[in-house]
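**Q** What follows is a structure written as structure tokens; I'll ask about it next.
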Amino acid sequence: MKKIQISPSILSADFSQLGNEIRRLEDAGADMIHVDVMDGHFVPNLTIGPPVISALKKQSSIIFDVHLMISPVHKYIQAYSDAGADIITIHPEATKDLDLSISEIKRLNKKVGISLNPETKVDVIINHLNKIDLVLIMSVNPGFGGQKFMPEVLDKIKRLKEVQEKQRLDFDIEIDGGINFDNSKKAIEAGANILVSGTTIFKSNDGDIKKNIELLRSR
Ligand code: DX5
Ligand code: ZN
């Protein structure tokens, strides 16, 4: 079994203190930081873009796990790579040619992630699984932090694990949205090895992020 990794979403951080927040997460034991990029078009919310990521990258050596909720995504891949993304995750609905976008991320020597919305089926990416590093399973509809976890997506993780074993593949399975101390165990048991969390990490236990990261990891 792979080591369980925690990727805190900075969507719930103090945006006026982002550099400090990232260093605080690194000190608290985060394995990477999850950067939610939203365009007000693919999802009904707007967040940050390459200049902010590039400035933050200089503040820390932690892995930047960049989740692009933007469409069309293809023409922006290079900009996020240049800004310092280590993992670039895209949604299949956001590109005309998924294969081409996967190749572009690989050409830039970044890890490739593909994200599935709650209603998107595993079949959409089944023929791409041998080319990617990570599948990001959305357990809420993308757009906002603080939403309720959708347990029905766990079946997709189980299916991915089966395919992974059968085909001897090694991609990571990350889960994103509404993760808390009650459902993290179920996500891990289903086969997720990277947990994204914003609200639980920043707001539970009076914002004790170290404790919250440890609690999520050890469930
Ligand atoms: C939703 C984002 C998530 C989300 C996680 O569109 O992709 O990363 O912010 O935040 P919580 O843990 O609050 O659901
Ligand atoms: Zn995300």
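The numbers here are math on the coordinates, done by the rules we state, and not lab data. Keep in mind the model is a prediction, meaning the values are calculated, not measured. Ideal geometry is used to build each Cβ from the backbone, glycine not excepted, and the neighbour counts take in all protein chains shown.
**Q** Which value in nm describes the separation of the simple spin-label points at residue 168 and residue 123, placed 7 Å from the Cα toward the beta carbon?
**A** About 2.9 nm, to one decimal.
**Q** Taking a spot 7 Å from the Cα of residue 82 along the direction of its beta carbon, which residues of region 17-49 have an amide N less than 20 Å from it?
**A** 37-39, 48-49
**Q** Filter 2/131; 3/158; 96/185; 110/166; 57/148; 156/186 down to the pairs with a C-alpha to C-alpha distance above 24 Å, please.
**A** Values: 2/131 19 Å; 3/158 17 Å; 96/185 36 Å; 110/166 26 Å; 57/148 30 Å; 156/186 13 Å.
Cα-Cα > 24 Å for 96/185; 110/166; 57/148; rest within.
**Q** Now for a separate question. About the Cα centre, and with charges only on the beta carbon of Lys, Arg (+1) and Asp, Glu (-1), how big is the dipole of the chain? Nearest 20 debye, please.
**A** On the way: 28 positive and 30 negative charges, 78 e Å.
Charge dipole of the chain: 380 debye, to the nearest 20.
**Q** Still on this structure, please answer the following. Using amide H atoms built 1.01 Å from N in the peptide plane, name the residues 5+ places from residue 9, or on other chains, whose amide H lies under 5 Å from its own.
**A** Under 5 Å from the amide H of residue 9: 34, 197, 198.
**Q** What trypsin sites (Lys or Arg not before Pro) does region 61-106 have in DSSP loop regions with at most 14 other beta carbons within 10 Å?
**A** On the way: sites: 75, 96, 106; in loops: 96.
Passing sites in region 61-106 are 96.
**Q** Can you list the residues, at least 5 places off or on another chain, whose amide H is less than 5 Å from the amide H of residue 31, using H built in the peptide plane?
**A** Distant-sequence amide H within range of residue 31: 6.
**Q** Can you run phi through the Karplus equation (6.51, -1.76, 1.60; θ = phi - 60°) for region 25-40 and list ³J(HN,Hα) in whole Hz, with x for Gly and Pro?
**A** Once rounded to whole Hz, the list reads 5, 4, 5, 7, x, 5, 7, 6, 10, 9, 10, 8, 9, 10, 10, x.
**Q** Quick one: work out the % antiparallel among DSSP beta bridges in the chain, nearest 5.
**A** On the way: 1 of 31 bridges.
Taking every DSSP beta bridge with both residues in the chain, the antiparallel ones total about 5 percent.
**Q** Counting only Cα atoms, I'd like the Rg/Rh figure for region 5-218, Kirkwood definition for Rh. List each step's numbers first, then the result.
**A** Values: Rg = 15.9 Å, Rh = 17.0 Å.
Ratio of gyration radius to Kirkwood radius for region 5-218: 0.93.
**Q** Now for a separate question. Of the residues 23, 107, 159, which exhibits the maximal mean-square fluctuation in a Gaussian network model of the chain defined by a 10 Å Cα contact cut-off?
**A** 107
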